[in-house]
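One structure is given here, and the rest of the page talks about it.
The values are calculated or read from the model by the stated rules, or taken from the named source; none is laboratory data. Since we're looking at a predicted model, the values are computed, not measured. Positions of Cβ are generated from backbone atoms using ideal geometry, with glycine treated the same way; all protein chains shown enter the neighbour counts. Accessible surface is based on the protein model in full, side chains and every heavy atom, while ligands, DNA and RNA are left aside. Shrake-Rupley method; radii C 1.70, N 1.55, O 1.52, S 1.80 Å.
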Amino acid sequence: MKKTEQPLLLLLLCFSTFTSSNTQSIEKGFSFTPNTDSALSFQPILTDPTQTFALGFARLALAVRHLPSSVDLWRPPSAAAGSTHPTLSFNGSLVLSDPHLGLLWSTSSASGDRVLLLNDSNLQIQSTQDSNFPIWESFDSPSDTLVAGQNFTANQSLVSGSGRFSMRVGADSFGLFADFGGDARPMYYTHKAMEIKAQIVSGAGPIYLRVSPHGFLGMYQSEAAPVDVLNFDTFNHNFSGDGEPLRRLTLEDDGNLRGYYYNGSTWVGDFQAISDPCQLPSACGPYGLCGPGGSCGDRLVANPNSGDSSGDACRSGFSIIRRKGVELPYKELMGYVKAATLEDCERGCYKNCSCWGVIYNNASGFCYGIDFPVQTVIEVGDERKAGYFKVKLTAEERRRRWRVGWALWVGVLFVGLIIGLVGLGIYWVWNRRVRMVDGLDGPYRDLKNSESFNSVELSLR
């Protein structure tokens, strides 16, 4: 490319970005396919009136982004992962599709006239007849983040970007859950409503959460008063400038729930649900050991085979490792049974294919079962606490076991054949000797014949 053409191209690109980012509504018939040559940059489609937020494509995935910080606040539940040619269109519903993969995501039954992005980052489909009641809004389908003023109900869930962790609301609490494969979804954190300012009334409706601009996570059953207030570090902090800062609460890829506020140049953390790193669901990875201060030491096994997430501990075979001086994180939320000995605790797990291991406390007799692929355990130094863990065999280990097993069978068959042949030989020798003793074999076998015997007797006379 000629040097004189470069400034012109840059100007065109800037003009294209500026004009597209100033679009503040999408009408029926709209369609947009991101430029694959600019896949690494954010390609805006729609902005809010303040141009603080934009709907667009980030690395070919649809997102609502906070423009000053380039942090994504919302993604569709089934974002265009793996799509190299996504297209967003609006025909009353927002539709994300790919010419090769087909439909990726849509707002399903929504049928509106326009799409708007509000100044709180809420993406809405509205009818021109009544804009006060959106037909669909992104606040009803959060991804991994809640922003201030956004309600979070029992019908919704936050899911981390990795897809391994989720947050859900219960009858009087909310919890964080992990997905390590299989059917088990262990809860590793929970917060129950304290019910100080208001009581939860049975039959008066479900509870919901909302991040307050004043720096707390409120739990509500009605708007009268919160049934619980979980304060952030900047609760009721007197910020200088124009009012309260923008806040967000994000379920991150390590499984922790963290709160942030934007100070005009960066996001500052002021809340985390789990303060002890070792209490995170997988702080040091599969079969990891978490030590003081959240330090990760040697693993229980050097190269754990974590590729099979079927949840079946028996599939493909397993080996056993034992370790003293360890315990489970978040064990208060884990189920247990009483066992008289460590051996009894292990025995209940060995033939149970949904059991991946146990932790036994010799002082209390508590036997904690692990019904998901083993993750990080905590080093405690108390040898009365012992762990028993199943480790899935690698492909090479399975082949080695198969070869050893096959060799053993061949060896057994060979030894059996030799023993059989030796036994047959012994029997043949023994039988021949018996026949000789009975006169049934050898040079005198005909002496038993009476005629032959008589003829011999006459000739002797």
Quiz item: Among 367-380, 29-42, how do they line up from the highest to the lowest mean number of other beta-carbon atoms within 10 Å?
Solution: 367-380, 29-42
Exercise. Go ahead and run the numbers for FRET between V268 and N362, Cβ-Cβ distance against an R0 of 45 Å, rounding to 0.05.
Key: 0.50
Self-check item: Span from the the range 336-367 Cα centroid across to the the range 172-197 one, whole angstrom
Solution: 24 Å
Exercise. Identify the residues of the range 118-140 with backbone N under 20 Å of a label point that sits 7 angstrom from the Cα of K28 along the Cα-to-Cβ direction, or state none.
Key: 124-137
Quiz item: Which pairs break 20 Å Cα to Cα here: K338/K385; K351/K390; K192/K331; K331/K351?
Solution: K331/K351
Quiz item: Which residues' amide hydrogens lie under 5 Å from the amide hydrogen of T23, considering only partners 5 or more residues apart or on another chain, with H built in the peptide plane?
Solution: T47
Exercise. Keeping all protein chains in place, calculate the accessible area per residue for the range 20-162 (probe 1.4 angstrom), answer in Å².
Key: 43 Å²
Quiz item: Over the range 166-272, what number does the Rg to Rh ratio reach, with both radii from the alpha-carbon atoms and Rh per Kirkwood?
Solution: 1.02
Quiz item: To the nearest 0.05, what FRET efficiency results for S108 and S41 with a Förster distance of 30 Å applied to their C-beta separation?
Solution: 0.50
